Amino acid sequence: MIKRRTLLAASAALGLVMGGTAFAQDVPKIGFVYVGPVNDGGWSQHHHESAMQMKEHFGDAIEVIEQESVPEGADAERVLTQMALSGADLIFTTSFGYMDPTINVAEKFPDVKFEHATGYKTADNVSAYSARFYEGRAITGYLAGAMSETNKIGYIGSFPIPEVIRGINSSYLHAKQANPDVEIAVVWLNTWFDPAKEADATQALLDQGADVVLAHTDSTAPLAVLEKAGAYGFGQAADMAEYKPTPRISSIIDDWAPYYIERVQAVLDGTWESHNTWQGIGDGMVGIGEFTGPIPEDVLAHVTQMKDDIASGAYHPFTGPINKQDGSAWLAEGEVADDGTLAGMNFYVEGVSGSIPN
Amino acid sequence: MDPVLLVASIMVSATPILLAAIGELVTEKSGVLNLGVEGMMITGAVMGFAIAVSTGSPLLGFLGAAVASAVLSLSFGLLTQYLLSNQVATGLGLTLVGLGLSALIGSNYEGQRAPNLPKLDIPVLSDIPVLGRMLFSHDFVVYLSLALVVAVWAFLKYTRAGLILRAVGEDHESAHALGYKVVRVRMAAIAFGGACAGLGGAYVSLVRVPQWTEGMTAGAGWIALAIVVFSSWRPLGVLVGAYLFGGVTVIQLNLQAAGTTVPVELLSMSPYLITILVLVVISARGAHGAPGSLGRPFHASS
């Protein structure tokens with residue numbers, strides 16, 4: 001008898017504990033998946049910091065779970081499934097290569113909501129969100145063209161995806177505005193994060209005569225090399241203020257926090273709906289870091305004006321006339337690129353040499 | 001494309017893997033397979049960076065990196081030589097430990113800058129046109145790595161101690177029967193391998209990149225392991241292998257930057273293709289050159 005009573009008491013206690021966990025689970029769980037370590041100094045760190053700001057905003061009303069250094073591909077699918085199984089209500093997948101894994105996992109968990117960064121596929125429970133980085137690239141590209149003395153600027157590409165190609169085109173078009181003789185050299189690394197490779201690529205670009213290098217990868221390694229060489233570069237995804245005033249002369253800063261707060265609020269209110277959003281300098285999702293270093297007055301005035309014009313919508317970085325690389329017409333005089341073409345951009349504009357890898 | 005800058009870049013790019021590979025060669029020559037090169041390199045990278053930043057001396061950084069990685073490798077030695085754990089599993093464990101440990105130690109050093117390691121312009125030689133800039137105006141670690149290759153080659157080929165080390169690696173039973181201290185020789189070889197891997201790692205964080213970022217060696221340790229096989233356990237082969245791997249990486253990037261139309265994928269793939277080819281040739285010849293007792297556990301009682 002005693003035994004049975006103990007058993008009863010034990011199961012009652014167990015029930016309480018279970019009830020307790022169930023109660024804890026009532027707080028929405030928000031998941032974040034990052035492609036690099038959360039202290040990479042760039043892309044992943046900024047997503048993480050934005051997530052922390054969001055957490056601070058909501059306090060105990062939500063719970064945040066994070067997973068860093070998740071490779072794109074099959075492993076991502078495993079991690080996402082794990083997160084969905086552990087009770088996440090909303091999962092932010094913060095790298096382009098998570099697009100298909102996100103869609104696949106979302107299909108299996110219709111009650112879990114997903115937000116995928118920088119992709120283009122959506123579903124009933126998958127939103128896509130991205131920033132118009134090309135607006136920032138217009139400004140850093142103009143600066144690169146203006147600051148180059150060798151008339152050669154370098155661009156470190158990660159993967160040949162539309163976002164990166166847009167960045168190359170926007171950088172080149174505006175570098176050319178500042179300096180009609182400028183050439184752009186592109187190096188593809190096929191990785192988002194590999195400091196040694198990023199450093200080698202920067203060195204290769206310098207060896208080939210470039211004196212300003214724009215990076216589309218996540219670490220601060222290119223800036224470290226540029227500093228040694230006395231060349232210029234830009235903060236990418238984060239301000240990278242530790243390299244002020246040179247080699248970093250400005251930066252493109254991603255600010256995800258307002259968006260994260262808005263979307264988590266929507267989940268709390270029960271008003272979350274799938275959408276595809278693309279915000280730029282005007283909305284505050286793309287920030288331009290302080291201009292530092294020996295930038296001439298007139299250049300400074302020009303980029304400041306350009307930033308305001310892009311923010312207000314008075315100027316679109318892809319305004320015709322622009323030809324494609326092969327010389328065929330893309331945008332006529334005064335014509336502005338539509339979002340559809342930009343989102344799927346898979347061609348260089350006239351003047352960029354080399355071909356895009358498959 | 002400027003060949004002077006190209007060769008100089010290749011030398012810088014090849015140095016970390018050359019250091020790690022020459023250390024691993026000695027370890028494997030003694031009959032121990034240590035798959036933890038990546039973990040020891042990244043530990044060297046973080047310790048070298050931390051010490052160089054704290055003391056302001058890159059030299060002390062390199063020294064500290066070598067010591068730290070040697071100590072780490074001795075934990076591998078203790079497990080595999082005295083407690084007879086499986087070398088493959090323990091080596092993989094060492095890599096994981098190194099990656100985690102370095103992330104922990106390094107978290108305070110993110111975003112800091114390393115003191116500059118001055119280039120060592122060798123007098124007279126560095127004034128030679130073209131060759132001087134290409135070969136004789138690097139930092140001391142580049143020369144150290146080359147000197148180590150020659151030293152290891154001479155040690156293994158011409159010294160009595162080198163002969164004993166090779167004997168232990170070829171057949172530990174016979175070496176033991178002859179009265180050589182198999183375990184002690186192996187512990188020394190493991191520590192040497194660790195110290196070299198540490199130097200290689202520190203070269204990445206202090207010279208090549210120069211900064212600390214988590215996971216920054218990004219697989220260089222595995223390439224070093226491949227190079228040892230590629231060389232069929234010969235020091236000069238290690239030199240060729242390391243410069244080939246380093247060279248292809250740098251040439252590939254330079255070709256891209258110069259705007260040539262050679263497919264990038266083909267170039268990135270080429271060192272691995274060559275490794276496979278070399279392995280095929282070696283096995284077709286029948287003599288692979290691997291030490292006879294490589295990876296086998298040894299206990300004096302057996």
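Quick notes
- Each residue in the range A:22-79 was checked for being free of Cβ contacts under 8 Å to residues at least 12 places away in the same chain and touching a helix residue (DSSP H, G or I) at 6+ places or on another chain (Cβ under 7 Å), and 1 of them qualify.
- Among all positions in the range B:11-20, there is no residue which is closer than 28 Å to B:VAL240 by Cβ, open to solvent by 20 Å² or more (accessible area, probe 1.4 Å), within 14 Å of chain A (Cβ to nearest Cβ) and without any contact (Cβ under 8 Å) to a residue 24 or more places away in the chain.
- A:VAL186 vs. criteria in the same structural domain as A:ASP338 (by TED's automatic domain parsing) and open to solvent by 10 Å² or more (accessible area, probe 1.4 Å): yes
- A:PRO180 vs. criteria out of contact with any Phe, Trp or Tyr (no Cβ under 7 Å at 6 or more places or on another chain), on the phi < 0 side of the Ramachandran plot and without any contact (Cβ under 8 Å) to a residue 12 or more places away in the chain: yes
- Among the residues of the range B:214-253, those identified as within 14 Å of chain A (Cβ to nearest Cβ) and assigned to a loop (DSSP other than H, G, I, E, B) are B:GLU214, B:GLY215, B:MET216, B:THR217, B:ALA218, B:GLY219.
- In the range A:194-218, residue nearest to A:TYR348 (Cα to Cα) [restricted to those that are open to solvent by 20 Å² or more (accessible area, probe 1.4 Å), facing chain B (nearest Cβ under 8 Å) and part of a loop (DSSP other than H, G, I, E, B)]: A:GLN208
- Scanning the range A:107-134 for residues that are part of a helix (DSSP H, G or I), open to solvent by 60 Å² or more (accessible area, probe 1.4 Å) and touching a residue at least 24 places away in the same chain (Cβ under 8 Å) returns a single hit, A:LYS108.
- Qualifying residue in the range B:269-290 (condition: more than 22 Å from B:VAL88 (Cα to Cα) and touching a strand residue (DSSP E or B) at 6+ places or on another chain (Cβ under 7 Å)): no
- Options B:VAL281, B:VAL262, B:VAL248; residue that is of a type in the set (A, V, I, L, M, F, W, C), surrounded by fewer than 19 Cβ atoms within 10 Å (Cβ to Cβ), over 21 Å from B:ASN34 (Cα atoms) and modelled with pLDDT of 80 or more: B:VAL281
- Scanning the range B:265-278 for residues that are open to solvent by 40 Å² or more (accessible area, probe 1.4 Å) and more than 14 Å from every other protein chain (Cβ to nearest Cβ) turns up B:TYR272, B:LEU273, B:ILE274, B:ILE276, B:LEU277.
The values are calculated or read from the model by the stated rules, or taken from the named source; none is laboratory data. Just so you know, these numbers come straight off a predicted model, no measurement behind them. Glycine gets a Cβ as well: all are built from the backbone with ideal geometry, and neighbour counts include every protein chain shown. Quick note on the areas: whole protein, heavy atoms, side chains included, nothing else; ligands and nucleic acids left out. Shrake-Rupley method; radii C 1.70, N 1.55, O 1.52, S 1.80 Å.
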